[in-house]
Amino acid sequence: MVDTKFFGSAGEFKLSDLFELAEISDVNISSQDASKLITNAQVLDTAQTGDISLAAHKSYAKALSTTNAGVVLVSKALADQVPDDAIAVICNDPHTSYVKILKVLFPAKRRRLAISPIIPGAAKPEIESGVTIADYTTIGSEAHIGQGTVIGPNAVIGPNVKIGRNCFIGANVTIECSLVGDDVSIANGVRIGADGFGWLDFGKSNIKIPQLGRTIIQSNVEIGANTTIDRGALDDTIIGENSKVGAMVKISHGSKIGRNCLIAPMAGLAGATILEDGVLIGANVGTVGHITMGEGSVAHPRASITKDWPAGSKIAGTPAQNIKDLWREYAVVRRLAKGTKK
Amino acid sequence: MVDTKFFGSAGEFKLSDLFELAEISDVNISSQDASKLITNAQVLDTAQTGDISLAAHKSYAKALSTTNAGVVLVSKALADQVPDDAIAVICNDPHTSYVKILKVLFPAKRRRLAISPIIPGAAKPEIESGVTIADYTTIGSEAHIGQGTVIGPNAVIGPNVKIGRNCFIGANVTIECSLVGDDVSIANGVRIGADGFGWLDFGKSNIKIPQLGRTIIQSNVEIGANTTIDRGALDDTIIGENSKVGAMVKISHGSKIGRNCLIAPMAGLAGATILEDGVLIGANVGTVGHITMGEGSVAHPRASITKDWPAGSKIAGTPAQNIKDLWREYAVVRRLAKGTKK
Amino acid sequence: MVDTKFFGSAGEFKLSDLFELAEISDVNISSQDASKLITNAQVLDTAQTGDISLAAHKSYAKALSTTNAGVVLVSKALADQVPDDAIAVICNDPHTSYVKILKVLFPAKRRRLAISPIIPGAAKPEIESGVTIADYTTIGSEAHIGQGTVIGPNAVIGPNVKIGRNCFIGANVTIECSLVGDDVSIANGVRIGADGFGWLDFGKSNIKIPQLGRTIIQSNVEIGANTTIDRGALDDTIIGENSKVGAMVKISHGSKIGRNCLIAPMAGLAGATILEDGVLIGANVGTVGHITMGEGSVAHPRASITKDWPAGSKIAGTPAQNIKDLWREYAVVRRLAKGTKK
């Protein structure tokens, strides 16, 4: 979610002003709706009456039906499904319009401030007793460090980041826009809460989608050296309790990792990858985004996961398939090639 | 090996006390054996009379036959092969029991201390003449830096680490639990001696295997930016003389790289990968663990190495095979697909 | 190019002295040519009369025909094609001889100095007004930081590096031998301008090819966390205007990225990869070096690009091929394997 602790919006805007400042003119807003006050942006699930939200295409339909958002930017196809209490603003290209509005609510300078460790005028960080902080660390304004936690040299903890008790934060680690539980171990050189890779108008103007979510690291998680875990774009990236992440892994924005998962080194999970509890991800596995691995499923090393897999699946290959099917394919090709000449 | 310079054990334990503290009750220890004193843990090859060691399954048989370990945790199947001078403790699940004992010998707090640069009360590091140390570096207690070596800004050298002469250690590098030879060049952001990714009870309780070994970087090695080289779990990770490792490579715990190897960027070597001398590893090659590439063998970019390959092999593909066989397979599939419709 | 701001040569050498110091004896240099003065090395395209250049094999022929180099090390096959104004030195192994000469012109100690932030006796960096510099940063001698730029904690900016206006340089970033435009955003832990992975005599003596080029980051580029972008060997690595690079990407020496490209996380571009404008590179795509992707072409995630592809191509697979052909192959194999047993 867009946590105002990390990203405070630029203020309260009348809906009509918001569209004017965003330079979006191809929408109709009734004079009654024009004065609706908006202060923040949220995904449909968490949006409240002061929030503006997005329903870009049919995958949003379910969340749209129960949203409490004050305003929803919506495609023509979904316009009928906006709840009565929300103002529907029909857009030709809702996603692009939404990004323009996000940039009014959260201008680039404010976003940058959110990750600059020291906020002028803000309170000092709160360090509980029994914390060990090595040299040349930077602990951001209003950050909170729990008892017994050790922070290595050159670590940078962003403003408002909360770190629990008895954690071990290695040297040269950076953590921003994140909440970290107890007994978490983060190895040297890890990047938590960095910007996700989100763009519109690919290969042309490359419009940046502001990255306004958080990273949540639950208790007893361990993260290997030089791994990178993005914060969410609007919702959160979550690493569930007692899951263990190897070195040089990339976990992208909005992924949700369940409890007790193992993610081996060099795996890469694209945006909004869902792993249910106890999933095993082999070394250098990749996923496309927006897929779910069911509870206890296993992806063998280097599998390329391109779709949902149910609980208990055992998959491998590119694109990943049931491992038995894959071996059958390998055997067929091997048999055919035997004795042929190139 | 578990080098007491890096990981000092919590003390000397009577064998019976060790099992009691580790809460392992499903073993039989004779009253005579119960008072045997144990101070450390080592792999079978290097274990001495005060050490406890592990023989979990048949791949341990050869080393077991010649071990000098005082005590060996052993599976029922291997019990007969424990040398007469060693005490055999038969376990249902020797690996899990061994991990429990390691956690008594080396409690988490002591392990953490080993990688915290400054040990209270320990001696200062020893810096030879002609060493250049940039700003904001942390040189651990009792570390040793050889003449002519340059250490870049924000580097962190762990306690007891030895670095040879005329080395170049880049900015933001971290080195812990390691011995580094002469004329070694380590680029910015490299992590040497980090924890390996070792777990038991996958996807359930995820029991951590303590990582107690070292990393040994021999002379004339060069390591590219943001690469990560784990220390061993119990034995050592070794990078042999004059081998060159590219950027963003991951070399996992217990791997042994011979002399004059080239490991191109983004390769990932899983635990206990053995490369003999002069092996060439292409970009983004991956290995499963516990395999050996023979002298002078070549793995083409992106090969996925799943088994041993003899000296002089030239391999490619997933799973890796002789490159000629691979091209033959590609040709067969291409021919079959020509003219078909999807 | 070898920019004397970053790599000043060891001096002016008579051609005969240069070969003697480099211990190259298998060449014929006329007594007239022997006194030719050489001060620097450049690729054929940019070399001038005081420069020594290389034409190792037929791919150099085109650039050779128009070079202004004073001296060219050349293979026998290309000797006839050296322009009249240049001195041709015919070598059995021109590449190895050239590397030996580079090591005389740019001895290892000087190369190291180029990336050590503070050069004794050199001028201080020039910081424009309105620059924010966090704690524990190191800004190299004679570096230049443009107005409005923010530099995060523990960042290291090498000597003579130029950074434009309104840039955001994250925490723990290192930048050396580089020129950076305006409005560039570089996330935490990025390495810009590191050594490329260039060697001769693979797997035997592993002779290092000195890395003497630059990295040029044009305006409006954004680079994700823990990414590594090498500087060129002799020419430049270039990231074109408004291109966006994800986290944990590796871009190797001498690559030229056009404008408006998107390079997704964990992609790896080998040396001298050329992307024309608007190319889309999916996550974990790899390239062999010396290939060109035409304007607006698209490589799907994990494609392994092994040759040139024209503008507008849509490719996938290993080795990468037209995506429609790939799906046809997948379908054929799947059909054949159905019903078979392993």
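Return the residues of segment B:164-177 that are facing chain A (nearest Cβ under 7 Å) and within 18 Å of the chain's Cα centre (by Cα); say none if nothing qualifies.
Selection gives B:Thr174 alone.
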*Quick one: how many residues across segment A:263-289 are in a loop (DSSP other than H, G, I, E, B) and at pLDDT 95 or above?*
17
_Pairs where the first residue, in segment B:62-87, is closer than 18 Å to B:Ile38 by Cα and in contact (Cβ under 8 Å) with a residue 24 or more places away in the chain and the second is open to solvent by less than 30 Å² (accessible area, probe 1.4 Å) and in a helix (DSSP H, G or I), C-beta under 6 Å, 6+ apart_ = B:Leu73/B:Pro94; B:Leu73/B:Ser97; B:Leu73/B:Tyr98
_For segment B:184-231, which positions are facing another protein chain (nearest Cβ under 9 Å), among the β-branched types (Val, Ile, Thr) and either in a loop (DSSP other than H, G, I, E, B) or surrounded by fewer than 21 Cβ atoms within 10 Å (Cβ to Cβ) (or both)?_
B:Val190, B:Thr227
*Could you list, in sequence order, the residues of segment C:306-316 that are within 14 Å of chain B (Cβ to nearest Cβ) and either modelled with pLDDT under 95 or buried (at least 19 other Cβ atoms within 10 Å of the Cβ) (or both)?*
C:Ala316
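Go over the candidates B:Ala88, B:Ala69, B:Ala61, B:Ala77 one by one and state the one that is of a type in the set (A, V, I, L, M, F, W, C), open to solvent by 60 Å² or more (accessible area, probe 1.4 Å) and more than 30 Å from C:Pro153 (Cβ to Cβ).
Details: B:Ala88 fails: open to solvent by 60 Å² or more (accessible area, probe 1.4 Å); B:Ala69 fails: open to solvent by 60 Å² or more (accessible area, probe 1.4 Å); B:Ala61 fails: open to solvent by 60 Å² or more (accessible area, probe 1.4 Å).
So the residue among B:Ala88, B:Ala69, B:Ala61, B:Ala77 that is of a type in the set (A, V, I, L, M, F, W, C), open to solvent by 60 Å² or more (accessible area, probe 1.4 Å) and more than 30 Å from C:Pro153 (Cβ to Cβ) is B:Ala77.
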*What tally of residues in segment B:285-305 results from selecting those that are open to solvent by 10 Å² or more (accessible area, probe 1.4 Å), under 22 Å from C:Gly289 (Cα atoms) and more than 14 Å from chain A (Cβ to nearest Cβ)?*
2
*Subset of segment B:265-284 that is under 17 Å from B:Ser219 (Cα atoms) and at the interface with another protein chain (Cβ under 10 Å from one of its Cβ atoms) - its residue that is surrounded by the fewest Cβ atoms within 10 Å (Cβ to Cβ)*: B:Asp277
*Restricting to segment B:11-27, what's the tally of residues that are over 11 Å from B:Ile101 (Cα atoms) and either modelled with pLDDT under 95 or open to solvent by less than 30 Å² (accessible area, probe 1.4 Å) (or both)?*
4
*Among the residues of segment B:317-326, count how many are within 10 Å of chain C (Cβ to nearest Cβ) and either among the hydrophobic types (A, V, I, L, M, F, W, C) or open to solvent by 60 Å² or more (accessible area, probe 1.4 Å) (or both).*
1
*Members of segment A:1-28 that are of a type in the set (A, V, I, L, M, F, W, C), touching a strand residue (DSSP E or B) at 6+ places or on another chain (Cβ under 7 Å) and under 21 Å from A:Asp45 (Cα atoms)*: A:Met1, A:Val2, A:Phe6, A:Leu15
*For segment B:27-117, which fully contained helices (runs of 4 or more DSSP H) count at least 1 residues that are farther than 30 Å from A:Val150 by Cβ and of a type in the set (Gly, Ala, Ser)?*
B:31-34, B:61-65
_For segment C:239-259, give me the residue count where each residue is within 23 Å of A:Ser252 (Cβ to Cβ) and open to solvent by 20 Å² or more (accessible area, probe 1.4 Å)._
1
*List the number of the failed condition for C:Leu113; all other conditions in (1) touching a Leu at 6+ places or on another chain (Cβ under 6 Å); (2) modelled with pLDDT under 95 hold.*
(1)
*asked:* Take the conditions at the interface with another protein chain (Cβ under 10 Å from one of its Cβ atoms), open to solvent by less than 20 Å² (accessible area, probe 1.4 Å) and in contact with a strand residue (DSSP E or B) (Cβ under 6 Å, 6 or more places away or on another chain) and apply them to A:Leu262. Does it pass?
replied: yes
*Out of the residues in segment B:97-118 that are open to solvent by 40 Å² or more (accessible area, probe 1.4 Å) and over 20 Å from the mean Cα position of the chain (by Cα), state the one that is farthest from B:Ile157 (Cα to Cα).*
B:Lys109
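Answer with yes or no whether A:Asp236 is within 21 Å of A:Gly271 (Cβ to Cβ) and either open to solvent by 10 Å² or more (accessible area, probe 1.4 Å) or more than 14 Å from chain C (Cβ to nearest Cβ) (or both). Walk me through how you get there before you give the answer.
On the way: within 21 Å of A:Gly271 (Cβ to Cβ): yes; either open to solvent by 10 Å² or more (accessible area, probe 1.4 Å) or more than 14 Å from chain C (Cβ to nearest Cβ) (or both): yes.
Taking the combined requirement at face value, the residue satisfies it.
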*Hey, among C:Val161, C:Val180, C:Val156, which residue is in contact with a strand residue (DSSP E or B) (Cβ under 7 Å, 6 or more places away or on another chain), facing chain B (nearest Cβ under 9 Å) and crowded, with 22+ Cβ neighbours inside 10 Å?*
C:Val156
_Complete set of residues in segment B:123-153 that are more than 21 Å from B:Ala225 (Cβ to Cβ), open to solvent by less than 10 Å² (accessible area, probe 1.4 Å) and within 12 Å of chain A (Cβ to nearest Cβ)_ = B:Gly140
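The values are calculated or read from the model by the stated rules, or taken from the named source; none is laboratory data. The structure presented is a predicted model; accordingly, all values stated were derived computationally and were not measured. Backbone-built Cβ (ideal geometry, glycine too); neighbour counts: all protein chains shown. Only protein heavy atoms, including side chains, enter the accessible area calculation; ligands, DNA and RNA are left aside. Shrake-Rupley method; radii C 1.70, N 1.55, O 1.52, S 1.80 Å.
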